[in-house]
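Quick notes on the structure that follows.
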Amino acid sequence: ARAAEKAVRMVSSGEADLVMKGNVKTAVLLKAVLNKEWGLRSGSLLSHLFLYEVPKLGGVLGLTDGGMTMYPDLPTKVGIVENAVAAYHRIGVPCPKVAALAAVELVNPDMQATLDAAALAVMNRRGQIKGCLVDGPLALDNAVSAEAARIKGIDSPVAGDADLLLVPCIEAGNFIGKVMQYMTGSAGAGAVLGARRPIVLTSRFDNAETRLLSIAFGAVLAM
């Protein structure tokens with residue numbers, strides 16, 4: 001706790017540019033980040049964004065929020081998208097394509113994730129969510145595979161070409177992220193968004209490459 005406080009105080013005072021989670025529990029670091037006197041609160045939602053370099057897709061795919069928000073409602077999902085889009089703009093992607101994921105690609109009144117995804121898509125089209133393209137609901141295969149989207153007859157500027165996956169809950173994000181890292185060998189970098197300065201948040205089990213890439217990601221966001 002003392003180490004987390006010292007690190008956050010250094011960033012808050014301008015002595016350092018970003019804070020990185022080391023061998024401490026996430027809750028300990030976030031308690032320091034959210035301190036009302038010397039923390040890094042900005043008034044915005046805190047959310048997590050992880051970028052994966054996926055060899056099979058030939059590019060980088062973002063995933064949010066698999067590390068902070070457990071069961072986001074629609075307004076929270078709007079905030080998560082806005083945080084991620086701002087980060088994409090910082091790394092040079094002017095109009096990221098956001099796939100709002102669900103188990104199916106059709107709106108089902110019994111599946112809240114499909115209702116939220118459809119609402120996000122409409123909000124984007126009407127200019128309530130800016131700087132990106134949002135479509136959904138999309139199943140994971142439709143989001144990343146143009147062939148899957150074609151076979152299922154999905155006509156969408158996002159389907160098969162998503163830059164960012166918006167997951168419906170933390171379990172979905174955690175599962176997809178672990179598959180990316182441990183089963184596909186995708187290199188990745190993660191950070192918490194929405195604070196006054198970037199927070200590099202990696203797992204205590206992440207390897208040196210992931211930690212280094214995450215520092216680089218945080219450094220770009222801090223510029």
Mind telling me which of the residues Thr202, Thr184, Thr114, Thr210 ends up being in contact with a Pro (Cβ under 8 Å, 6 or more places away or on another chain), modelled with pLDDT under 95 and not in a strand (DSSP E or B)?
-> Thr184
Of the listed residues (Gly39, Gly66), the one being closer than 13 Å to Leu164 by Cβ and either among the hydrophobic types (A, V, I, L, M, F, W, C) or in contact (Cβ under 8 Å) with a residue 12 or more places away in the chain (or both) is Gly66
Of residues in the stretch 49-85 being out of contact with any helix residue (DSSP H, G or I) (no Cβ under 9 Å at 6 or more places or on another chain) and either open to solvent by less than 10 Å² (accessible area, probe 1.4 Å) or of a type in the set (A, V, I, L, M) (or both), the one modelled with the lowest pLDDT = Val60
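Listed here are the residues, each with its yes/no results for (1) open to solvent by 20 Å² or more (accessible area, probe 1.4 Å); (2) under 19 Å from Val54 (Cα atoms).
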site: Arg125; (1), (2): yes, no
site: Leu133; (1), (2): yes, no
site: Asn142; (1), (2): no, yes
site: Glu147; (1), (2): yes, yes
site: Arg150; (1), (2): yes, no
site: Ala159; (1), (2): no, yes
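Keeping to the stretch 184-202, report how many residues are over 15 Å from the mean Cα position of the chain (by Cα) and either closer than 21 Å to Tyr88 by Cα or free of Cβ contacts under 8 Å to residues at least 24 places away in the same chain (or both).
4
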Which pairs do you get when a residue that is part of a loop (DSSP other than H, G, I, E, B), found in the stretch 132-156, comes within reach of a residue that is among the aliphatic types (A, V, I, L, M) and surrounded by fewer than 21 Cβ atoms within 10 Å (Cβ to Cβ), reach meaning Cβ atoms under 7 angstrom, with the pair 6+ apart or on two chains?
-> Ala139/Ala103; Ala139/Val104
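Condition check ((1) in a loop (DSSP other than H, G, I, E, B); (2) of a type outside the set (A, V, I, L, M)) across all residues:
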position	(1), (2)
Gly43	yes, yes
Phe50	no, yes
Leu57	yes, no
Val60	no, no
Tyr71	yes, yes
Gly79	no, yes
Val85	no, no
Tyr88	no, yes
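The values are calculated or read from the model by the stated rules, or taken from the named source; none is laboratory data. If you're wondering where the values come from, they're calculated on a predicted model, not measured in any experiment. Note: ideal-geometry Cβ built from the backbone for every residue, glycine included; neighbour counts use all protein chains shown. Only protein heavy atoms, including side chains, enter the accessible area calculation; ligands, DNA and RNA are left aside. Shrake-Rupley method; radii C 1.70, N 1.55, O 1.52, S 1.80 Å.
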